[in-house]
Amino acid sequence: MDISIILEKNPWRRNREEIKNDDHVREVFSRKHKILYSFHEKRNLILIGPRRVGKTTYFKLLIYDLLINKKINPDEVLYVSCEILNEHSDIIELLRLINSKYVFLDEITFVEGWERAVKFAIDQGILKNRVLYITGSSTAFLRKETFPGRKITFLPFMPLDFLRFSGIFGSISLKETLERFKDMEDLMPHFPEIFNLFLKYMECGGFPKPALQLMEDGSIKQENYDEIYSWFRGDMLKLGRSEEISKALISRILETLTTRVAFHSIGNYIGVSHRIVREYVEEMKNLMYADFCYQLDLQKKLPVFRKEKKIYFTDPFIARTFEKKILGKTVAGETKMAEMIAFNSLKAVSRDVFIIASDGETDFWADGKKMEVKWSERVSPRKDTIILSKKDYNPKASVYPLPIFVLHKFKERGEISEI
């Protein structure tokens, strides 16, 4: 390992102002809408998120905040792209030779056996009085080991949720309201704008580059779809999976999106066993491209793993990418996208989210409540069920516009997420 190469990639150690010339930082500050972050977690973190979601930019903006806003000594901040490391012992050597307080290890899953290096560094006190931030692309490339009893925390780094998306791309008036609102009634005066933002979110999702291009330039460049699919294809091949089976499976998921399906029925349709379908879907879940919602046994209050389930993509832009690159056409209309966003939002803020087999009209069971997505302007209320509509609002009957409900659920969880 050549330490000089690593230090060369940390020009701010010679002059803190050099962070302003970093390509990622310059891109952020060149935009009308700026997706900014500040450093506030003084604990060791492992951030896991899908490819192209902005993890490297996140690190560079944290470094910018430390150097420019918080005036931290530049020698105390170290960034390492782990692509240049050969083996896990390089991580230990690096931490020993460069004694910076704030260490950012980017895409550590490139390094085989990295978990052992991090465990060793913690156990041997190498990280004492230091803060270690790590990013990885997915749980698919993590060993089954965890870090029991060790001072390090795993956090998901997902695409922007709809609350943060609205806070970035909304009007000044909407942004001010999002910072202080307490209930859904406070948001209703802004509903026309919120609804339009929701329709945009259906197309670009929370991936920063396509979101910024759509919201500022009016369209998403083809290269964004190409990049997402290329990384997905590469990761599946690296895991020993067939691209052809992956494409057939994704085609079927797109066609049956929001419908309860069984692995064996998908397998019969595309010509493989249910075991192969399960393995591929689980790999997609580990890569953070897809997720599934199990049925709930209402009497036992337990998930029923073997019965039909719903399979969703984890972000609208992932679905749009697969449509464009695999099917060559759009099959997920507003109704399906609305339900998918509802699921992803509930999954992010609720402990458990299920579907209910005994009630065909109920989409979700979350936080002990029945919820049904009805993407219509006028809907009928149902007893003991929250109806998530397109535009209808009747709080006495538990009928709420889905975009407003989603914003409120994220607000209930806490302030606008930094990650």
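The values are calculated or read from the model by the stated rules, or taken from the named source; none is laboratory data. Bear in mind that the values here come from a model prediction, so they are computed numbers and not experimental data. Note that we place each Cβ from the backbone using ideal geometry, even for glycine, and neighbour counts take in every protein chain shown.
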Which of (1) over 18 Å from the mean Cα position of the chain (by Cα); (2) modelled with pLDDT of 95 or more; (3) assigned to a helix (DSSP H, G or I) does residue 338 not meet, given it meets every other one?
(1)
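Among the listed residues 298, 302, which satisfies the condition of being at pLDDT below 90 and under 22 Å from residue 339 (Cβ atoms)? It would help to see each step written out before you state the result.
Details: 302 fails: under 22 Å from residue 339 (Cβ atoms).
From the options 298, 302, the qualifying one is 298.
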Would you be able to say whether some residue in region 195-209 is assigned to a loop (DSSP other than H, G, I, E, B), over 30 Å from residue 96 (Cβ atoms) and at pLDDT below 95?
no
Residue in region 234-244 that is buried (at least 16 other Cβ atoms within 10 Å of the Cβ) and touching a strand residue (DSSP E or B) at 6+ places or on another chain (Cβ under 7 Å) present
no
Assuming residue 51 fulfils every condition listed in (1) closer than 29 Å to residue 290 by Cα; (2) free of Cβ contacts under 8 Å to residues at least 12 places away in the same chain apart from one, which condition is it?
(2)
Among the candidates 234, 240, residue that is of a type in the set (Gly, Ala, Ser) and at positive phi
240
Checking residue 412 against (1) surrounded by 17 or more Cβ atoms within 10 Å (Cβ to Cβ); (2) touching a residue at least 60 places away in the same chain (Cβ under 8 Å); (3) part of a helix (DSSP H, G or I); (4) out of contact with any Ser or Thr (no Cβ under 8 Å at 6 or more places or on another chain), which single condition isn't satisfied?
(1)
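Could you check how many residues of region 27-38 are among the aromatic types (Phe, Trp, Tyr) and without any contact (Cβ under 8 Å) to a residue 40 or more places away in the chain? Even if it seems obvious, please write down each step before you answer.
Residues of region 27-38 that are among the aromatic types (Phe, Trp, Tyr), as a first pass: 29, 37.
Checking which are without any contact (Cβ under 8 Å) to a residue 40 or more places away in the chain leaves us with 29.
Total meeting the criteria: 1.
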Taking region 95-138 as the region of interest, how many residues are under 16 Å from residue 154 (Cβ atoms) and touching an Asp or Glu at 6+ places or on another chain (Cβ under 6 Å)?
2
Please verify whether region 261-279 includes one or more residues that are crowded, with 20+ Cβ neighbours inside 10 Å, among the hydroxyl-bearing types (Ser, Thr, Tyr), touching a helix residue (DSSP H, G or I) at 6+ places or on another chain (Cβ under 6 Å) and in the same structural domain as residue 375 (by TED's automatic domain parsing).
no
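Just the residues that are under 17 Å from residue 261 (Cα atoms) and in a helix (DSSP H, G or I), please, taken from region 304-323. Steps first, please.
Filtering region 304-323 down to residues under 17 Å from residue 261 (Cα atoms) leaves 304-313.
Scanning region 304-323 gives no hits.
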Any idea which of (1) under 21 Å from residue 238 (Cα atoms); (2) small (Gly, Ala, Ser); (3) at pLDDT 90 or above is the one residue 140 doesn't satisfy?
(3)
(1) closer than 22 Å to residue 197 by Cβ; (2) touching a Leu at 6+ places or on another chain (Cβ under 8 Å); (3) in a strand (DSSP E or B) all hold for residue 354 apart from (1)
All but one of (1) of a type outside the set (Asp, Glu); (2) assigned to a helix (DSSP H, G or I); (3) closer than 25 Å to residue 220 by Cα hold for residue 330; which doesn't?
(2)
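Output the residues belonging to region 58-87 that are touching a residue at least 60 places away in the same chain (Cβ under 8 Å), buried (at least 20 other Cβ atoms within 10 Å of the Cβ) and within 20 Å of residue 18 (Cα to Cα).
Going residue by residue through region 58-87, those that are touching a residue at least 60 places away in the same chain (Cβ under 8 Å) are 58-59, 62, 74-75, 77-81, 84-86.
Subsequent filtering for residues that are buried (at least 20 other Cβ atoms within 10 Å of the Cβ) retains 58-59, 62, 74, 77-80, 85.
If the condition is that a residue be touching a residue at least 60 places away in the same chain (Cβ under 8 Å), buried (at least 20 other Cβ atoms within 10 Å of the Cβ) and within 20 Å of residue 18 (Cα to Cα), then 58, 59, 62, 74, 77, 78, 79, 80 are the ones that fit.
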Please list, ordered by residue number, the helices (runs of 4 or more DSSP H) wholly in region 1-92 having 3 or more residues that are over 30 Å from residue 229 (Cβ atoms).
3-8
Any idea which of 230, 251 is farther than 18 Å from residue 137 by Cβ, part of a helix (DSSP H, G or I) and of a type outside the set (D, E, K, R)?
251
Of all residues in region 154-194, count the ones that are in contact (Cβ under 8 Å) with a residue 60 or more places away in the chain, surrounded by 17 or more Cβ atoms within 10 Å (Cβ to Cβ), of a type in the set (A, V, I, L, M, F, W, C) and within 30 Å of residue 59 (Cβ to Cβ).
8
If you take the residues of region 57-90 that are at pLDDT 95 or above and of a type in the set (Val, Ile, Thr), which of them is nearest to residue 127 (Cα to Cα)?
77
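For region 310-349, give me the residue count where each residue is without any contact (Cβ under 8 Å) to a residue 40 or more places away in the chain and not β-branched (Val, Ile, Thr).
Quick first cut of region 310-349, residues without any contact (Cβ under 8 Å) to a residue 40 or more places away in the chain only: 328-330, 333.
Narrowing further to those that are not β-branched (Val, Ile, Thr): 328-329, 333.
Looking only at that region, the number is 3.
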Any residue at all in region 316-325 that is surrounded by fewer than 15 Cβ atoms within 10 Å (Cβ to Cβ) and within 22 Å of residue 242 (Cβ to Cβ)?
no
